[in-house]
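J.: Sharing a structure with you now.
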Amino acid sequence: MIAEYIQHMCGPTQFIGEIDDGNTKDVTVNIMSGGDKYAEVDVSAGKVVTWKANVADLGGRTLYLDRWRPGFLGLPGTGGASSQVSATIEFTGTTTFGTQKWAGPLVLLGGNDLMVKGSGTLDGQGAWYWKQGQSITRPVFFRLQRVTGSTLSGFTLKNSPFRTFSLVTCQDTTISGLTLDSRAGNGIAKNTDGFDLTKNDHITIINNKIYNQDDCLAMQSSTNTVFSNNYCCGGHGISIGSLGGNTVDESTTVQGLTVNGNTIENSDNGLRIKTIIGLKGLVSNVKYTDNKLSNVKNAIVLHSDYSKSKGGYSGAPTSQVTITDVTVAGLSGTATNLYDVVVNPKVVSDWSFSGVTVSAS
């Protein structure tokens, strides 16, 4: 048997049931009182845990799924990432999260050699947040932090309050066949990014469907990333940035990015790079190949004039972020404008465009 727990950080463990290896058990979790931040599910080494819940009303808490080392259940950083023992987490049914003004995340995943899968749906109840605007604190939906050698596949994240997936310091991990669906927020939701990547290496994101109102992919920093055969609808397209910092380091570098075979539909932008005025960084070895646009406003966007204080383009391309070795090979479909380019000529080099057949002005 695998014991399944919901554990209060800084408080006692509440035993809520057991599940046989590989079998499912309906679990309803309502943790609304107290000031605890985390709820935790025990993922035993080498075992299969199926999370099947009708309600996971954590009331401003995180569903924390962790496999750091055998027999250990803890917060990120407390045990290190030393375990090579695999575990499987499966989502089935519909899990609906409670609502509260906080930064989240609603789900936090950490560990090595994990398989997270299932046909289930996680519902972040975004409508409660969207109607209150951007001034309130909204939770990130699903964060991967120091995940290594793992796969995520199959399940659905619905109605994201804010950014949907945040990947931070992860390695050698593949995300495939997911549906990120915040279509209910069209016309009202903001900042519902699909995938935000920071300081990762060798991440593959393939064959996913993303319906949102902001960047489908937002590369803040990371190396050796593949974003392939995804469907992006309703947002701001596939983006690098906004990027820039005081120095050129792992937090300000996007290097080795392949964007291949994606479809971008009903979006503000197709392919975009935006860097921050006055700041440093590096964008290099970026390849956009055989992507398709449909009803996009701006097909190719390259800007060195993004102002964080303004929250938009300043018109003065003073960014010191180097943008070099960028290839667009094969871009088709329809857009209103083909190019929107405002860059600092001192920091750009080695751009190549071929096979661009977009019907646009």
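J.: Highest mean first, what order results for 234-240, 207-213, 147-153 on Cβ atoms within 10 Å?
T.: 234-240, 207-213, 147-153
J.: While we're here: Place +1 on the Cβ of every Lys and Arg and -1 on the Cβ of every Asp and Glu in the range 88-356, take the dipole about the Cα centre, and give the residue among TYR129, THR192, LEU144 whose Cα lies farthest towards its positive end.
T.: Going by the Cα projections, it comes out as TYR129.
J.: Which far-off residues, 5 or more places away or on another chain, put their amide H under 5 Å from the one on LEU302, with H placed in the peptide plane?
T.: Residues meeting the criterion, in which the H sits 1.01 Å from N, are ILE273, ASP340, VAL341, VAL342.
J.: Between TRP128 and THR336, what FRET efficiency follows from the Cβ-Cβ distance if R0 is 30 Å, with the result rounded to 0.05?
T.: The computed FRET efficiency comes out at 0.35.
J.: Still on this structure, please answer the following. Would you work out the relative contact order for the range 88-356, in percent, from Cα pairs under 8 angstrom that are 6 or more residues apart?
T.: 11
J.: While we're looking at this one, here's another question. If you place +1 on the Cβ of every Lys and Arg and -1 on the Cβ of every Asp and Glu, how big does the dipole about the Cα centre of the range 88-356 come out, in debye to the nearest 20?
T.: Roughly 660 debye for the range 88-356.
J.: Amide H to amide H under 5 Å from ASP196: which residues, 5+ apart in sequence or cross-chain, H placed 1.01 Å off N in plane?
T.: Residues meeting the amide H criterion: PHE165, SER166, LEU167, ALA218.
J.: Can you compute the modelled spin-label distance between SER153 and THR324, with each label point 7 Å from Cα toward Cβ, in nm?
T.: That separation, rounded to one decimal, is 3.9 nm.
J.: A further question follows. Once you've got the Cα coordinates, tell me which of LYS190/LYS280; LYS131/LYS274; LYS280/LYS346; LYS209/LYS292 are over 21 Å apart.
T.: Result: LYS190/LYS280; LYS131/LYS274 exceed 21 Å.
J.: Also, I was wondering about something else. Suppose a student asked you for the relative contact order of the range 104-189, using Cα pairs under 8 Å spaced at least 6 residues apart; what percent would you report?
T.: Values: 201 pairs, mean separation 30.4, N = 86.
Reported relative contact order: 35 percent.
J.: What's the extension gain from ALA316 to ASN295 if we count 0.36 nm per residue and subtract their Cα-Cα distance?
T.: 4.7 nm
J.: Which ³J(HN,Hα) values in Hz, rounded to whole numbers, follow from the phi angles of the range 326-343 under the Karplus curve 6.51 cos²θ - 1.76 cosθ + 1.60, where θ = phi - 60° and Gly and Pro get x?
T.: 10, 10, 10, 10, x, 9, 10, x, 10, 7, 6, 10, 7, 10, 9, 10, 9, 10
J.: Using only Cα atoms, locate the centre of the range 231-259 and the centre of the range 327-361, then give the distance between them in Å, rounded to an integer.
T.: Cα centroid of the range 231-259 versus Cα centroid of the range 327-361: 17 Å apart.
J.: Place a +1 charge on the Cβ of each Lys and Arg in the range 157-211 and a -1 charge on the Cβ of each Asp and Glu, then give the dipole magnitude about the Cα centre in debye, rounded to the nearest 20.
T.: Working: 6 positive and 5 negative charges, 55 e Å.
That gives the range 157-211 a dipole magnitude of about 260 debye.
J.: With +1 on each Lys and Arg Cβ and -1 on each Asp and Glu Cβ, how big is the dipole of the range 97-215 about its Cα centre, in debye rounded to the nearest 20?
T.: About 380 debye.
Read the figures in this text as sums done on the coordinates, not as results from a lab. Please read these numbers as outputs of a predicted model, since none were measured by experiment. When we count neighbours, we look across all protein chains shown, and the Cβ atoms used for this are built from the backbone with ideal geometry, even at glycine.
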